[in-house]
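Since the structure comes first, as structure tokens, the remarks are kept for the end.
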There are 2 protein chains.
Amino acid sequence: MSVTLSDVAHRAQVSPATVSRVLNGNYPVAEATRERVLRAVTELDYVVNGPASALAASTSDLVGILVNDIADPFFGIMASAAQARISAVAARPGGEKLAVVCNTGGSPARELTYLTLLQRQRAAAVILTGGAIEDAEHSAAVAAKLAKLAAAGTRIVLCGRPPLDAGGGGGSGSWSSGSGVVGRGGVSGVPEAAPGGAVGVALGSELGSEAAASPVTATLSFDNRGGARALTEHLLSLGHRRIGYVAGPAERTTTRHRLEGHREALRAARVTDDPALLLHGAYDRTSGVDAARRLLDAAPDLTAIVAANDTIALGVCTAARARGLRVPEDLSVAGFDDLPSATDTVPALTTVRLPLYEAGARAGLLATTGEAAAGPDGVETVPAQLVVRGSTAAPRGR
Amino acid sequence: MSVTLSDVAHRAQVSPATVSRVLNGNYPVAEATRERVLRAVTELDYVVNGPASALAASTSDLVGILVNDIADPFFGIMASAAQARISAVAARPGGEKLAVVCNTGGSPARELTYLTLLQRQRAAAVILTGGAIEDAEHSAAVAAKLAKLAAAGTRIVLCGRPPLDAGGGGGSGSWSSGSGVVGRGGVSGVPEAAPGGAVGVALGSELGSEAAASPVTATLSFDNRGGARALTEHLLSLGHRRIGYVAGPAERTTTRHRLEGHREALRAARVTDDPALLLHGAYDRTSGVDAARRLLDAAPDLTAIVAANDTIALGVCTAARARGLRVPEDLSVAGFDDLPSATDTVPALTTVRLPLYEAGARAGLLATTGEAAAGPDGVETVPAQLVVRGSTAAPRGR
DNA sequence: CTGTTAGCGCCTTCAG
DNA sequence: CTGAAGGCGCTAACAG
């Protein structure tokens, strides 16, 4: 069929073993031999048989990056950063990792399927990005899968999702201290410092009692709660009291943390947290449009709407405008993530910046090198930063 | 280390071969035995060793989807559609394909690297999305790689890129006839019907002279030229004569085809094609901002700017607004692709709709099933459709 | 319908 | 520094 190692060996007048050695660069080989082999390789246009070498060495060069929605730049940015970093790490020729992104579409079943597929391939590492689904059964299944993967030598990195099974937020910081403020009219952003969340999962394998601690190599936990709190505080400080909130899907950690931050700010300011002002939906523009309509119908006295991310905020703006409301004069609107397009809206969006590219790159690094995460329990907190732009202003009546 | 096939066989009191048979479902197995095996599998929590089975069967379940920019929804939409379709096709348990997206970042080197990596993994199929890089050397290298992949049994699908090595555009239609018009104020969209481009590449393998024709299983060719022409015709019919054009990177097929469509429209209307009104840049918002600034500086008499895609158009709008120009009163702006966010701009963007999701899904199908593409030479043309919205209007002086 | 027998292509001790 | 030999876990003919 295809040209094999021994074909190369034959042509280079050496044994297959030697060819293997120059290809993997793990053992000393005489320079002359080495060149001869390399020449044979190019002449024959030889390409290693991945499955065969993976089988023999019981490791593969596959790195899986799981995302909830590949069409969402939030994930695209992290994934591309991770891929770039992973490719960059592979220095010597032949040592390239195949960094690959898997789109779960937010479906628990597909998440598990991908994890199994990756396990089947004996992936070198797996990076899970974005919010986790909060369902006891599913979480347990994922944790179990990860434990098995880890036991088989796969490195696991969480990027933008909280430590396994944890309910707690921030905690063990490392990148910077909580959330800050930037942009015009520097409004106060109070750093969040919740007690560290639980970490890891204990699930011994049947074959040995190692891997009893956390199967997760490293966790990059976004400060969603702190960022959300700073954002709502900004709105409160402008004088808003009736603030609508368009949340993401109910069962996502990201959704919950952002919402909690929002509520903390309300509570701290002793502003009523009216349940009628809260709506859940997908993280897309359509749900922003729908939610804004419903919110404005139900509570015409609203002076501001906070969206769980920039994409939803976009929809909110569109809906508001369709109703003849001006942003920010009649209605302030804010988002989250600070995607590149946040500055293209009219007016530019007030939001919370998450260093997605940097986080993705770091995740890629942690996945490829043996390096451990910096924080305690392998958790690094990624800071969120309030960015004030034109879409928020003092409410009309002031 | 891990639990193997024979562990399962042992527990189920059968031979390894039998276990393999129930897992792959290719041979008849007694119902009783089958159940016993399946039970053993779950009890032992057995997961197939991908590399091992790939080696033995000399096929893998990996499907690679190459994209130029994973953070761009244009690719995200196609990729997610393809992944969804590929997952859906795998009916029987165990038959799942691992559909995976690889981000080249537009780099020729990385494109080749990914192709090699996929070849190494003996991928079942490869889908190449988006415009190809127009460089003789690189094209030849890609064609050669694809030929080798095809020779090894990998299915190759092109989605949104023209037939291999072709310079020609549209041609062999199949989805519908050319580009149409939709939206308010139906402006004429003249279908494009260039002579069919060259197809395929002849590169016999050293081992057999099969696969001598095109290594590409199927091609979904977007009607970029027709769409672009219809768009510019729309602008011309509104009365615009000085039209700026912000193109994508110079060496991309997508860029060239869209630009050619634009020029055809100008030529047909006998409007001067002023080279000073053309600027190239990346397919992102930043290049839209930069280009619009430069264009408006150089030619203040511009009444319209056409962007090579919606993302660039977004930047153009922002830059125009920053200069105090109103869209569309002072300047008409148009995009391409009709991304979901095109309706969230203010005003909503006039653009050309490409059925990205449908095309991606079709590509996924063609990659997984044995089905051949419909058109001659395996080329299906995907129609482009003008969508007129609020961002274009008659120029001021009329 | 099921067990037995060979490899798939490569890595990796173990000798030399 | 290099060659020889065994096996990684699974599949695919063959027999029965």
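Being surrounded by fewer than 16 Cβ atoms within 10 Å (Cβ to Cβ) and either near DNA strand D (Cβ under 9 Å from one of its atoms) or among the aliphatic types (A, V, I, L, M) (or both) narrows it down to one of B:Ala57, B:Ala81, so name that one.
Unique residue meeting the criteria: B:Ala57.
Got a number for residues in the range B:324-344 being outside any strand (DSSP E or B) and closer than 17 Å to B:Asp72 by Cα?
Going through the range B:324-344 one residue at a time, the tally reaches 9.
Specify which of the listed residues (B:Val37, B:Val63, B:Val48) is of a type in the set (Val, Ile, Thr), outside any strand (DSSP E or B) and more than 8 Å from every other protein chain (Cβ to nearest Cβ).
Just a single option satisfies the conditions, and that option is B:Val37.
Residues of the range B:51-60 being more than 8 Å from every other protein chain (Cβ to nearest Cβ) and either in a loop (DSSP other than H, G, I, E, B) or away from DNA strand C (no atom under 16 Å from the Cβ) (or both), which ones?
B:Thr59
Is it the case that some residue within the range B:73-92 is small (Gly, Ala, Ser), within 14 Å of DNA strand C (Cβ to nearest atom), modelled with pLDDT of 90 or more and assigned to a helix (DSSP H, G or I)?
No, the conditions are met nowhere in the range B:73-92.
Do any strands (runs of 3 or more DSSP E) lying entirely in the range A:123-224 carry at least 1 residues that are of a type outside the set (Ser, Thr, Tyr) and at pLDDT 70 or above, and which ones are they?
A:125-129, A:155-159, A:218-222
Any idea which residue in the range A:3-34 is surrounded by the fewest Cβ atoms within 10 Å (Cβ to Cβ), counting only those that are within 14 Å of chain B (Cβ to nearest Cβ) and either more than 10 Å from DNA strand C (Cβ to nearest atom) or assigned to a helix (DSSP H, G or I) (or both)?
Restricting to residues being within 14 Å of chain B (Cβ to nearest Cβ) and either more than 10 Å from DNA strand C (Cβ to nearest atom) or assigned to a helix (DSSP H, G or I) (or both), the top hit is A:Asn24.
Any chance you could count how many residues in the range A:2-36 are closer than 20 Å to A:Ala56 by Cα and more than 7 Å from DNA strand D (Cβ to nearest atom)?
So the answer is 15.
B:Ala71 - would you say it is facing chain A (nearest Cβ under 7 Å), under 19 Å from A:Thr113 (Cβ atoms) and either away from DNA strand D (no atom under 15 Å from the Cβ) or loosely packed, with under 15 Cβ neighbours inside 10 Å (or both)?
No; evaluated as a whole, the condition is false for this residue.
Looking only at residues in the range A:41-54 that are among the hydrophobic types (A, V, I, L, M, F, W, C) and within 12 Å of DNA strand D (Cβ to nearest atom), which one is surrounded by the most Cβ atoms within 10 Å (Cβ to Cβ)?
Among residues in the range A:41-54 that are among the hydrophobic types (A, V, I, L, M, F, W, C) and within 12 Å of DNA strand D (Cβ to nearest atom), the one surrounded by the most Cβ atoms within 10 Å (Cβ to Cβ) is A:Ala54.
Take the range B:37-49 and flag every residue that is within 14 Å of DNA strand C (Cβ to nearest atom) and either touching a Ser or Thr at 6+ places or on another chain (Cβ under 7 Å) or of a type in the set (S, T, N, Q) (or both).
B:Val37, B:Asn49 - these are the residues of the range B:37-49 that are within 14 Å of DNA strand C (Cβ to nearest atom) and either touching a Ser or Thr at 6+ places or on another chain (Cβ under 7 Å) or of a type in the set (S, T, N, Q) (or both).
Please specify each residue of the range B:228-279 satisfying the condition of being in a loop (DSSP other than H, G, I, E, B) and among the acidic types (Asp, Glu).
Scanning the range B:228-279 gives B:Glu251, B:Asp273, B:Asp274.
Which is without any contact (Cβ under 8 Å) to a residue 24 or more places away in the chain and under 38 Å from the mean Cα position of the chain (by Cα), of A:Ala71, A:Ala84, A:Ala17?
Selected residue: A:Ala71, the only one of A:Ala71, A:Ala84, A:Ala17 that is without any contact (Cβ under 8 Å) to a residue 24 or more places away in the chain and under 38 Å from the mean Cα position of the chain (by Cα).
Under the condition of being closer than 17 Å to A:Ser341 by Cβ and crowded, with 24+ Cβ neighbours inside 10 Å, which residue from the range B:328-340 is farthest from the other protein chains (Cβ to nearest Cβ)?
Filtering first and then ranking leaves B:Phe336.
Of all residues in the range B:296-318, how many are surrounded by fewer than 24 Cβ atoms within 10 Å (Cβ to Cβ) and over 25 Å from A:Asp72 (Cβ atoms)?
8
For A:Thr286, all conditions in the list (1) buried (at least 18 other Cβ atoms within 10 Å of the Cβ); (2) within 14 Å of chain B (Cβ to nearest Cβ); (3) not small (Gly, Ala, Ser) hold save one; what is the number of the exception?
With respect to (1) buried (at least 18 other Cβ atoms within 10 Å of the Cβ); (2) within 14 Å of chain B (Cβ to nearest Cβ); (3) not small (Gly, Ala, Ser), A:Thr286 is out only on (1).
The values are calculated or read from the model by the stated rules, or taken from the named source; none is laboratory data. What you see is a predicted model, and the numbers here were worked out from it, not measured in a lab. Cβ sites come from the backbone with ideal geometry, for glycine too, and all protein chains shown count toward neighbours.
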